[in-house]
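Structure record follows, encoded as structure tokens.
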């Protein structure tokens, strides 16, 4: 009997593979166009063994393999719960949806219950000149879940937790506790994401108005400072013009520790540093870059020369210099050479050269 039911699977396996490839391309392109970053788009065509197993377990529900709606299955794993609705809209815009089989697991749980959350769609391709019309007759499944929802589902599956009536009460209770923690964490990460966005908006607004009071230097504030502070932008462009180089956007995180070492931990103090060290930093950049053949500089080059200028003009001992360069590298000999070079620049600076 199973062999007969499986005939349609073997007859259509090539079509399932075509659908798998088409859906992957459509989803990937649509998510990229919407600038939605996901952890993974997992997909597979169910193996013959797996399909036969499902037909065997539910003979009354499926008369043939083509009755299975998940022979082609996709799982979109996103990072945050607020991505689920936008991804759902993309799926609904791309494919025909079997509304009778649409499932939102979060709406199925009782208010005082916790467990596996996910959105499940049963879909089919819409007619298109890009592929044979026959492919639109087959259904496939798309699941949308967050990383933590996926974690819960995978652990649940690995432990074989399928029928709660077959599990001792104290184990069921612990499952529920763990699920509640994951759900709280999911919501918490969503709030953190929103708070970071609000913080970014506040920093950008303050930079635009020139009021940076109270803003400490961190990854986000330093990045936005480099993007929006006109004085820093002009300073960086002046350095690049010395050798006619273009600027490449880079992560300036390494400079947070360097600036902190120099006592610069707010955007206000960074602006003060730029005011004090602008001329010396530009002079040092000119000595290094003039007549060079460098055609590309990091967008953080301004920070590089500001920090170097602060070291040269400040009253830093050799031990201080060694501590500073130890923030950047582990090689003792390289650190020693860097300190010796800074000593020479410092001596020249105080000699008025």
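Scan 329, 334, 342, 321 and give me the residue that is outside the structural domain of residue 233 (by TED's automatic domain parsing) and not in a helix (DSSP H, G or I).
Matching residue, one of 329, 334, 342, 321: 329.
In the stretch 293-311, is there at least one residue being modelled with pLDDT under 90 and over 30 Å from residue 228 (Cα atoms)?
no
Report, ordered by the first and then the second residue, all pairs with beta carbons closer than 6 Å, sequence separation of six or more or different chains, a first member in the stretch 25-39 that is under 11 Å from residue 86 (Cα atoms), and a second member that is assigned to a strand (DSSP E or B) and modelled with pLDDT of 95 or more.
none
Per-residue answers, yes or no, for (1) assigned to a loop (DSSP other than H, G, I, E, B); (2) in contact with a helix residue (DSSP H, G or I) (Cβ under 6 Å, 6 or more places away or on another chain); (3) closer than 27 Å to residue 256 by Cβ:
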residue	(1), (2), (3)
178	no, no, no
184	no, no, no
189	no, no, yes
195	no, no, yes
198	no, no, yes
205	no, no, yes
208	no, no, yes
212	yes, yes, yes
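Output the residues belonging to the stretch 44-67 that are in contact (Cβ under 8 Å) with a residue 40 or more places away in the chain and closer than 18 Å to residue 142 by Cα.
Matches in the stretch 44-67: 51, 66.
Please enumerate the residues belonging to the stretch 303-318 that are outside any helix (DSSP H, G or I) and either under 38 Å from the mean Cα position of the chain (by Cα) or under 21 Å from residue 282 (Cβ atoms) (or both).
Residues satisfying the conditions are 314, 316.
Which of the residues belonging to the stretch 51-104 are under 22 Å from residue 182 (Cβ atoms) and touching a strand residue (DSSP E or B) at 6+ places or on another chain (Cβ under 7 Å)?
75, 76, 77, 78, 79, 80, 81, 84, 87, 88, 103, 104
Taking the criterion of being out of contact with any helix residue (DSSP H, G or I) (no Cβ under 8 Å at 6 or more places or on another chain), more than 16 Å from residue 255 (Cβ to Cβ) and free of Cβ contacts under 8 Å to residues at least 60 places away in the same chain, would at least one residue in the stretch 301-314 satisfy it?
Yes; the residues of the stretch 301-314 include at least one that is out of contact with any helix residue (DSSP H, G or I) (no Cβ under 8 Å at 6 or more places or on another chain), more than 16 Å from residue 255 (Cβ to Cβ) and free of Cβ contacts under 8 Å to residues at least 60 places away in the same chain.
Only residues that are within 13 Å of residue 9 (Cβ to Cβ) and free of Cβ contacts under 8 Å to residues at least 60 places away in the same chain: list them for the stretch 68-85, please.
The one that is within 13 Å of residue 9 (Cβ to Cβ) and free of Cβ contacts under 8 Å to residues at least 60 places away in the same chain: 68.
If you check residue 36 against the conditions, is it in a loop (DSSP other than H, G, I, E, B), within 17 Å of residue 143 (Cα to Cα) and either at pLDDT 95 or above or within 18 Å of the chain's Cα centre (by Cα) (or both)?
It is true that residue 36 is in a loop (DSSP other than H, G, I, E, B), within 17 Å of residue 143 (Cα to Cα) and either at pLDDT 95 or above or within 18 Å of the chain's Cα centre (by Cα) (or both).
Which one is modelled with the highest pLDDT, of the residues in the stretch 218-264 that are in a loop (DSSP other than H, G, I, E, B) and in contact with a strand residue (DSSP E or B) (Cβ under 6 Å, 6 or more places away or on another chain)?
245
The values are calculated or read from the model by the stated rules, or taken from the named source; none is laboratory data. As the structure is a computational prediction, the values presented were derived from the model and not from experiment. Please note: Cβ atoms are built from the backbone with ideal geometry, for glycine as well, and neighbour counts cover all protein chains shown.
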